[in-house]
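*Asks:* Sharing a structure below in structure tokens format, with a few things to ask.
The values are calculated or read from the model by the stated rules, or taken from the named source; none is laboratory data. Worth saying up front: this structure is predicted, and the values here are computed from it rather than measured. As a convention, Cβ positions derive from the backbone with ideal geometry for all residues, glycine included, and neighbour counts pool all protein chains shown. The protein model used for the area step is the full one, side chains on, heavy atoms only, and it has no ligands, DNA or RNA in it. Shrake-Rupley method; radii C 1.70, N 1.55, O 1.52, S 1.80 Å.
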2 protein chains.
Amino acid sequence: MINTLYLPELREMLAENDRTGLQEFCAALHPARVAEFMEGLDAGEMWQVLQATEPDVRADIFSFIEEAKQVEIVETVGPEGISRLIADMPADDRVDLLSEVDQDVMEQTLPLLPQDDRRETLRLLGYEEGTAGALMTTEVARLSQTLTVHDALEAISRQAQDLETVYYNYVVDEQDHLLGLVSARDLVVNFTRPDTQIGDLMQRDVVTVLVTDDQEAVAEKVANYNFIAIPVVDHHRKLLGIITHDDVIDVLQEEATEDAHRSASVDPLEDGYLETPWPELAWKRGVWLMVLFVAALLTALALRGYEEDFQKVTWLVLFIPLVISSGGNTGSQSATLVIRGLTTGDVRLSDWRRVIRKELAMGLCLGGSLALIGYACAVMLTRGAPDDAEAAQSIPTVWEVAVVPVTLLLVVMCGTLTGGLLPLLFQRMGLDPALMSNQFVAGVVDIAGILIYMTVAMAMVAGLW
Amino acid sequence: MINTLYLPELREMLAENDRTGLQEFCAALHPARVAEFMEGLDAGEMWQVLQATEPDVRADIFSFIEEAKQVEIVETVGPEGISRLIADMPADDRVDLLSEVDQDVMEQTLPLLPQDDRRETLRLLGYEEGTAGALMTTEVARLSQTLTVHDALEAISRQAQDLETVYYNYVVDEQDHLLGLVSARDLVVNFTRPDTQIGDLMQRDVVTVLVTDDQEAVAEKVANYNFIAIPVVDHHRKLLGIITHDDVIDVLQEEATEDAHRSASVDPLEDGYLETPWPELAWKRGVWLMVLFVAALLTALALRGYEEDFQKVTWLVLFIPLVISSGGNTGSQSATLVIRGLTTGDVRLSDWRRVIRKELAMGLCLGGSLALIGYACAVMLTRGAPDDAEAAQSIPTVWEVAVVPVTLLLVVMCGTLTGGLLPLLFQRMGLDPALMSNQFVAGVVDIAGILIYMTVAMAMVAGLW
């Protein structure tokens, strides 16, 4: 929902070009709220509001505007106008933005940035997407261990404007090797002992990530340790930057979206659903649909072997979708539970025996229940039909209809075991278990379902011997 | 994977009852790492390690032990031994733990807590699970607006031991009404101007949550605003507590798990997959399986109307699973994309026209491609079979087999539109769109698929007129 609370006021101030009013509006509210209230404006109007504010507030507000709109603003305003704002952004956000805008605009904007910012941006642009390097920012307080608490507070106070966070500050040697961590908490706690040396205070066992680490691993580390930020180092433990909690939350949400997409056989989208152009969306969906389609063709192939049998015993056809979907549904349930368990660390590879036991129990219990209900319904469905006399003779016996419950029990058990074990197998082979989508499990169980159904039918229905 | 790096050393120190060694081990490492290295120990051994440490380090390490093990430790040690540790825990963690342990143990432990802690615990236990109240902690710095920066730093420094965070500090009046926010950043930045009054420094536009707000809404707010913590207030804007970023990450992961479970038609589990007792698991899966089973029975009912037709034209049976799964798969894709879009705020209810347009385009494009391949395969499958002469006469014409591609196109379009619109409809009706599981969409599309298939067949296959 777009927040339209202040929209009329904003529009009025814009129409009257009331810079003082706009400036006061931006200063009074949290930058995130200003961004929220501007959502109804177009890129040009947003820029007009931003221009009325102080430069540092401007960068703050801008960072809360959604990315698609940011790109629009940059491309509307052009390199000359926007370069100051881009220079004021935190390094990580700046890099994210520049890698989204038009190549030309980026190339024209880069030379307009101050030399330091430009170099840093180029360096960060060099890290591969999805790694700690691409996620980090370089604006972190570096302290020497000989500083006192008082001097450290003073130093941070001076630099604070340019720091992403003042809450975690890192102690380094002359070559920037990471020696320890001093949190703002440590400093505040020792505020009454201003002469304490940082070296005596710092935590030496600092948990770090490598610049090449995968962003998912980084996010898990920060989440497990309840950190506000984590330092990024190279192989020589040289401090390169930090990743802050807000970026970690973004990564976790991104990964949750990716897993959700995979579970529905969609190749994860990089942008939002509405922003993704349709050829890309069609491709990311089509690829997996084809794979599933081929699996479904195998069911047709399997059924072809029984074509004559269906001619003799047509009532068997009625329960094909029921049998298939029961197996697929239980299989998806098991797969999702195990995949999510593996993702959250609740299930481990070494738990495979427990998974088998659990899924066997589930299969018996759920399959048994569905079989009972299915039997009752199957008897009714095969009995109630005779609207012509001829059909009456083709009514199957109660014994024959038992094909349905027996099949249901077996198919559901096949579903729970397949769904439970395939993700573990994928994990074991070093693949992402989330690749094992619900539909893939369902596809495998579908074919097994047809084979089970017809084998049981062969054994139990008189006409098919 | 259990980290066994230090396990032999730990076991040796435990065997020798080397308290100094254990204490040094716990002091040198980050509490989260100590907890990690202890994972291989049993509850009794963990308690032995914990006992060797300083009380405040002990509570820190304990808070990083996974909950199931925490409960085991509490129940092994018993109320007398454990009450000190429980009193030292942050209020929110304490409440979480006590609501997990055996009722008897809880009732025996509560009276052993200091009066303040006991009252607070009882109060927090009173908030409904899943609300801001149940998530918050009460240990937050409350400042008066007449304090100077210097006094505030001193005050926080004194209380720091008992505070969950020193990074966000709240300014309140005598009745605890929230007036403003002073972050540690504000204090550090103004460290060189120690006489500045807090009232002149504080941010007045504080974003808050109500104590009764849903935890999902709280998490979204913190994530959107990049906060480290958010204050919890009552209807009179009285400060009750705060919720910190680490709890928000837990909530986000919990919600992602819930959504994943729902998407596979499992009623969200409260505990992990392995911890959930099987009758509960069976119930949470069985309920939805039944619903889906009833939907699948409707396909059997729909098919019954065409039983005679299958007897005449048996090759139609081959493609039933193919038609059904193609519709179901595209439907799940669309539903997942839209549901995830709604969850992340990327898709809004007002975007329904764009969703329709997009899904129409997807349906045409994906349905068209599947139809082409499906046609080629269907022709081959209906042709290759004749192992006996009699069957040869039942080979359908190329025109008749076109039933398959026409149906595929229509069913896929039905799938994309149903999958895209049902979640929006649920959202519109005020229901959680995540309730619209993939299988539910698939179930709806299954029935539609059968009806489309048979209607198309009636129109195109000679024997059925």
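*Asks:* What area, in nm² and to one decimal, does the C-alpha convex hull of region A:104-240 cast on average over all directions?
*Replies:* Orientation-averaged projected area of the Cα hull: 9.2 nm².
*Asks:* Quote to one decimal, in nm, the extra length available between B:D267 and B:D214 on full extension: 0.36 nm per residue of separation minus the C-alpha distance between them.
*Replies:* Separation in residues times 0.36 nm, less the Cα-Cα distance, equals 17.2 nm.
*Asks:* Also, quick follow-up: Express in Å², to the nearest 10, the accessible area of A:S99 obtained by rolling a 1.4 Å probe over the protein heavy atoms while all chains stay in place.
*Replies:* 70 Å²
*Asks:* Longer than 30 Å from Cα to Cα, which of B:K69/B:K221; A:K69/B:K221; A:K221/B:K69; A:K221/B:K238; A:K69/A:K284; A:K69/B:K358 are they? Say none if no pair is.
*Replies:* Pairs exceeding 30 Å: B:K69/B:K221; A:K221/B:K238.
*Asks:* How far is B:D104 from the same spot in each other copy, in nm, shortest first, if each label point sits 7 Å from Cα toward Cβ?
*Replies:* For B:D104, the other copies' label points sit at 7.9 nm, shortest first.
*Asks:* Let me ask you something else. Kindly provide the helix-only [θ] at 222 nm of chain A, computed as the sum of -39,500 (n - 2.57) over DSSP H runs of four or more divided by all residues, to the nearest 500 deg cm²/dmol?
*Replies:* Values: 25 runs with 298 residues, N = 465.
Calculated mean residue ellipticity at 222 nm is -20000 deg cm²/dmol.
*Asks:* List the pair-distance distribution P(r) of the protein assembly as shown, using every Cα-Cα distance, as the percent of pairs falling in each 20 Å bin from 0 up to the bin containing the longest distance, rounded to whole percents.
*Replies:* With 20 Å bins starting at 0, P(r) equals 13, 39, 32, 14, 2, 0.
*Asks:* With all distinct Cα pairs included, what does the Kirkwood hydrodynamic radius of region A:7-128 come out to in Å, to one decimal, could you say?
*Replies:* Working: mean 1/r = 0.0680 Å⁻¹.
Result for region A:7-128, one decimal place: 14.7 Å.
*Asks:* Then there is this: Can you pull out the GluC sites (Glu not before Pro) in region B:1-49 whose DSSP state is coil and whose Cβ has at most 15 other Cβ atoms within 10 Å?
*Replies:* Counting only loop positions with at most 15 other Cβ atoms within 10 Å, the GluC sites (Glu not before Pro) in region B:1-49 are B:E16, B:E39.
*Asks:* Taking N as the number of residues in chain B, what is its Cα Rg relative to 2.2 N^0.38 Å?
*Replies:* The reported ratio for this selection is 1.37.
*Asks:* Another question about this same structure. Tell me, what is the percent relative contact order of chain B, built from C-alpha pairs under 8 Å that lie six or more residues apart?
*Replies:* After rounding, I find 11 percent.
*Asks:* Given Cα pairs under 8 Å that are at least 6 residues apart, what percent is the relative contact order of region B:193-235?
*Replies:* Reported as a whole number, the value is 47 percent.
*Asks:* Could you compute the net charge surrounding A:F191? Neighbours are other residues with a C-beta less than 14 Å from the C-beta of A:F191; K and R count +1, D and E count -1. Mind showing how you got there, number by number?
*Replies:* Details: positive: A:R185, A:R193, B:R158; negative: A:D151, A:E154, A:D186, A:D195, B:D151, B:E154.
That sum, taken over residues with Cβ under 14 Å, equals -3.
*Asks:* What translational diffusion coefficient, in µm²/s and rounded to a whole number, does the Stokes-Einstein relation yield for region B:314-465 at 4 °C and a viscosity of 1.567 mPa s, taking the hydrodynamic radius as the Kirkwood radius over Cα pairs? Display every interim value, and only then the final one.
*Replies:* Numbers: Rh = 16.3 Å.
Calculated translational D: 79 µm²/s.
*Asks:* Please report, for B:I395, the nm distances (one decimal) from its label point, 7 Å out from Cα along the beta-carbon direction, to the equivalent points in the remaining copies, shortest first.
*Replies:* 4.1
*Asks:* Continuing with this model, one more query. If I ignore ligands, DNA and RNA and count only protein heavy atoms, how much of B:D60 is accessible to a 1.4 Å probe, in Å² to the nearest 10?
*Replies:* Near enough 80 Å² of accessible area.
*Asks:* Rank A:W315, A:W278, B:W288, A:W283 by accessible area, highest first, at a 1.4 Å probe radius?
*Replies:* Details: A:W315 10, A:W278 135, B:W288 85, A:W283 180 Å².
Result, largest first: A:W283, A:W278, B:W288, A:W315.
*Asks:* Once the label point is set 7 Å along the Cα-to-beta-carbon vector, what list of distances in nm do you get between A:D271 and its counterparts in the other copies?
*Replies:* Those separations, rounded to one decimal, come out as 4.6 nm.
*Asks:* With each pseudo-label sitting 7 Å past Cα toward Cβ, what's the A:I395-A:L301 distance in nm, one decimal?
*Replies:* 4.1 nm
*Asks:* Continuing with this model, one more query. If you average 1/r over all unlike Cα pairs in region B:408-465 and invert the result, what Kirkwood radius do you get in angstrom? Mind dumping the intermediate values first?
*Replies:* Values: mean 1/r = 0.0793 Å⁻¹.
Answer for region B:408-465: a Kirkwood hydrodynamic radius of 12.6 Å.
*Asks:* If you average 1/r across every pair of different Cα atoms in region B:169-266 and take the reciprocal, what Kirkwood value do you get, in Å? Display every interim value, and only then the final one.
*Replies:* Working: mean 1/r = 0.0660 Å⁻¹.
It works out to 15.1 Å.
*Asks:* Let me ask something additional. Please tell me the relative contact order of region A:1-91 in percent, rounded to the nearest whole number, where contacts are Cα pairs under 8 Å and at least six residues apart.
*Replies:* 29 percent
*Asks:* Using Cα-only point scatterers and the Debye equation, what is log10 of I(q)/I(0) for region A:196-325 at each q in 0.18 Å⁻¹, rounded to two decimals?
*Replies:* The Debye formula, applied to the Cα set alone, gives -1.04.
*Asks:* What ranking of B:W399, B:W352, A:W47 comes out by heavy-atom accessible area, probe 1.4 Å, highest first?
*Replies:* Order by accessible area, largest first: B:W399, B:W352, A:W47.
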